[in-house]
Amino acid sequence: MRQRRFLVTVLVGLVAFLSGGWLVQRGVQRGANVYQKARLFDDVLTYVAEYYVDTLNAADLYDLAIDGFLKELNDPYTSFLREEDYRDLELSTTGNYGGVGMQIDVRDGWITVIAPILGTPADEAGLTTGDRIVEIDGESTRGWNNDMAVKRLRGQPGTKVRLTVVRPGVPDSLHFDITRARIHVRSVQYSALLAGNVAYVSLANSSISESTAEELAEEITRLREQGAKSLLLDLRGNPGGVLDGGVAVSDLFLDPGLEIVETRGRAPGATQTYRARRPQRWPDMPIALLVDGGTASAAEIIAGALQDHDRALVLGSTTFGKGLVQTLYQLNRTEYLKLTTGRWYTPSGRSIQRPLRRGPALEVSEVAIAEPQAPDSAERFRTSGGRIVYGGGGIRPDLPLAPDTLTDPEKEFARVLGGKIPVYRDVLTSYALDLKGSNAITRPDFEVTPAMRAELLRRLRARGVEMPDAVWEGARELVEQQFSYEVARYVFGRPAEFERRTADDPQIQKAASLLRQARTPKELIALAQTGN
């Protein structure tokens, strides 16, 4: 009981800490009520711990209580972080972890190498795209999910892991003894010089870390040396990251002194204005940003700052609307509190945060369910050049571009597949690996032949998928496209896959077309306003 009373005292102290002086601000009488509630909580916990039908650990009950009252804040971004949660957060903010350095996924029931990261132990050991990891430290990986493999592959730098690999076209298993190292995950997923001297740099589906600005500057410099005159920066699906990373990326493109973002909150130091500090590197380079509903957080800071200063044309669909500041408090050696302490505002004064739907505590995936207000009902703001932009949460594009969607026959194909979509994915991969092993594909610009489509259908039916000929034929273009990406990835590597995806992407092609017509940032914005 004494230990339990001590834990209650700690919990009350934590409540007072989180309140930021809330008890003091509202007087002794209100504070006394809080302590009465704390004693009541202790009584409830005592009865549950001692008399509940199942045996419960008192320490676990306190963990449940902490998680419970944080959940009641109705804020999906405030959370209590245990040691493993903190390691995941550290990876997303720094891009660093201990491991072997490769992208993996489950294909046909096996852990399969998507791509080794250049310069990492996996790359130096000779692992390659398409390798199937059938054992880790002597234990079969058959039936493992991705998370299980990641946990076994990661570890302290300097420790060893033994992999047994089956490689397409190689009859015997291969064995690799790899020493783990400190791995850095680059934010830049892919970059290329498109037709018309358009530099394309993808931060899509990555995150904004402490090193993103440096990596981005390196890629732009390299492409400029190849003749790039304009920049297409892809932020679609970018979940954001650290505030300083978003500020640093924005600083690459804005003049010194221009506001990038303002944070407003109650906590000391929560209200700050962040400004560009360095002369921009490429002041005359037209810039287009691609965004969508998955563009969030620090990525929205970049889009909002460059849009508000008329430095970039924003294309796509309205962003996610995650504009809340989180502060990390270390509670002890292994546990942390990630607490929302403020909101982000763009230079024109727009709140990036989309209003949360009230009700039961939300999951992060639910935050953007509500559509933003229509332009005619949303609050209006003005950019540095006088253009109208709209509030209501998220960043609205200057030029809306509809995402590439399925045709009716392709929707029917997806409906027929139903729960067998993983089987379809496995068939694509296994056939691509067979083609790699047989050296049947020799050029990155290969075409998917009718014979290949027929073989895919045969394999699909052999795996128990009932697929009518008419439905298969209706999805011909979709299947050929998806299979071409899979073959390009496993035969020629991720750059070849990205090249094909870029050529097929209507949003990228539209943005690149506008960039090819513009000589200056002002011309680019004018083109979008005239509908060209």
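Values in this text are rule-based calculations from the coordinates and carry no lab data. Source: prediction; values computed, not measured. Cβ atoms come from the backbone with ideal geometry, glycine included; neighbour counts cover every protein chain shown.
For the peptides 321-331, 434-444, 46-56, 500-510, what is the packing order when you average, over each peptide's residues, the other Cβ atoms within 10 Å and list the highest mean first? Working shown, then result.
On the way: 321-331: 18.5, 434-444: 13.8, 46-56: 10.5, 500-510: 16.5.
For the peptides 321-331, 434-444, 46-56, 500-510, the packing ranking is 321-331, 500-510, 434-444, 46-56.
Taking 0.36 nm per residue of separation and subtracting the Cα-Cα distance, what length does fully extending residue 379 through residue 88 add? Could you put the intermediate results ahead of the total?
On the way: separation 291, 0.36 × 291 = 104.76 nm, distance 3.72 nm.
Using 0.36 nm per residue and subtracting the Cα-Cα distance, I get 101.0 nm.
Of the GluC sites (Glu not before Pro) in the stretch 67-164, which ones lie in a loop per DSSP and count no more than 12 other C-beta atoms within 10 Å? Don't jump to the answer; show the numbers that get you there.
On the way: sites: 72, 83, 84, 90, 124, 135, 139; in loops: 72.
Sites meeting the loop and neighbour criteria: 72.
Give, in nm to one decimal, the length gained when the segment between residue 71 and residue 388 is fully stretched (0.36 nm per residue of separation minus the Cα-Cα distance). Working shown, then result.
Numbers: separation 317, 0.36 × 317 = 114.12 nm, distance 3.74 nm.
Gain in length upon complete extension: 110.4 nm.
Would you tally the net charge around residue 163, using a Cβ to Cβ cut-off of less than 13 Å, leaving residue 163 out, and scoring K and R as +1, D and E as -1? Please list the in-between numbers first.
Values: positive: 132, 152, 160, 162, 167, 180; negative: 131, 135, 137, 139, 177.
Once all neighbours under 13 Å are counted, the net charge is +1.
Rounded to the nearest 20 Debye, what is the dipole magnitude of the chain about its Cα centre when Lys and Arg each give +1 and Asp and Glu each give -1 at the C-beta? Let's see the in-between values first.
Details: 65 positive and 69 negative charges, 236 e Å.
In total the dipole reaches around 1140 debye.
Please report, to two decimal places, log10 I(q)/I(0) for the stretch 83-175 at q = 0.16 Å⁻¹ as given by the Debye formula with identical point scatterers on the Cα atoms and no solvent.
Computed log10 I(q)/I(0) values: -0.65.
Round to a whole angstrom and tell me the spacing of the C-alpha centers of the stretch 267-335 and the stretch 243-260.
8 Å
Taking 0.36 nm per intervening residue step and subtracting the Cα-Cα distance, what contour gain separates residue 466 from residue 63 on full extension? Each step should come with its number before you reach the end.
Values: separation 403, 0.36 × 403 = 145.08 nm, distance 4.84 nm.
Computed gain between residue 466 and residue 63 is 140.2 nm.
For the chain, what number results from the quotient of the Cα radius of gyration and 2.2 N^0.38 Å?
On the way: Rg = 26.4 Å, N = 532, 2.2 N^0.38 = 23.9 Å.
This ratio for the chain stands at 1.11.
Only loop residues by DSSP count here, and only those with at most 14 other Cβ atoms within 10 Å; note down the chymotrypsin sites (Phe, Trp or Tyr not before Pro) in the stretch 456-501 that meet that.
On the way: sites: 472, 483, 485, 490, 492, 498; in loops: none.
Taking the stretch 456-501 and a limit of 14 other Cβ atoms within 10 Å, no loop chymotrypsin sites (Phe, Trp or Tyr not before Pro) are found.
Using the crude model of +1 on Lys and Arg Cβ and -1 on Asp and Glu Cβ, and no other charge, please compute the dipole size for the stretch 241-309 relative to its Cα centre, in debye to 20. Show your work: numbers first, answer last.
Working: 6 positive and 9 negative charges, 54 e Å.
Computed about the Cα centre, the dipole is about 260 debye.
Please go through the stretch 426-512 and write out the GluC sites (Glu not before Pro) that DSSP classes as loop and that have at most 15 other C-beta atoms within 10 Å. Before the final figure, lay out each step's value.
On the way: sites: 447, 455, 466, 473, 477, 480, 486, 497, 499; in loops: 447, 466.
Within the stretch 426-512, the qualifying GluC sites (Glu not before Pro) (loop, at most 15 other Cβ atoms within 10 Å) are 447, 466.
Roughly what % of DSSP beta bridges within the stretch 219-298 run antiparallel, to the nearest 5?
Numbers: 4 of 8 bridges.
Of all bridge pairs located within the stretch 219-298, approximately 50 percent are antiparallel.
Order 225-234, 184-193 from most to least packed using the mean count of other Cβ atoms within 10 Å. Don't jump to the answer; show the numbers that get you there.
Values: 225-234: 20.3, 184-193: 18.4.
Most protected by this proxy first, the peptides run 225-234, 184-193.
If a/c stays under 1.5 just call it rounded; otherwise compare a/b with b/c (prolate if a/b is bigger, oblate if not). Do that for the stretch 144-272, with a ≥ b ≥ c from the square roots of the Cα gyration tensor eigenvalues. Walk me through the numbers on the way to the answer.
Numbers: a/c = 2.92, a/b = 1.50, b/c = 1.95.
Because a/c hits 1.5 or more and a/b fails to exceed b/c, the stretch 144-272 counts as oblate.
Got a sec? Charge dipole of the chain, +1 on Cβ for Lys and Arg, -1 for Asp and Glu; which of 347, 176, 421 is way out at the positive end?
347
Looking at the stretch 408-504, what % of the alpha carbon pairs are farther apart than 16 Å?
Numbers: 2516 of 4656 pairs.
Counting pairs separated by more than 16 Å, the tail of P(r) holds 54 percent.
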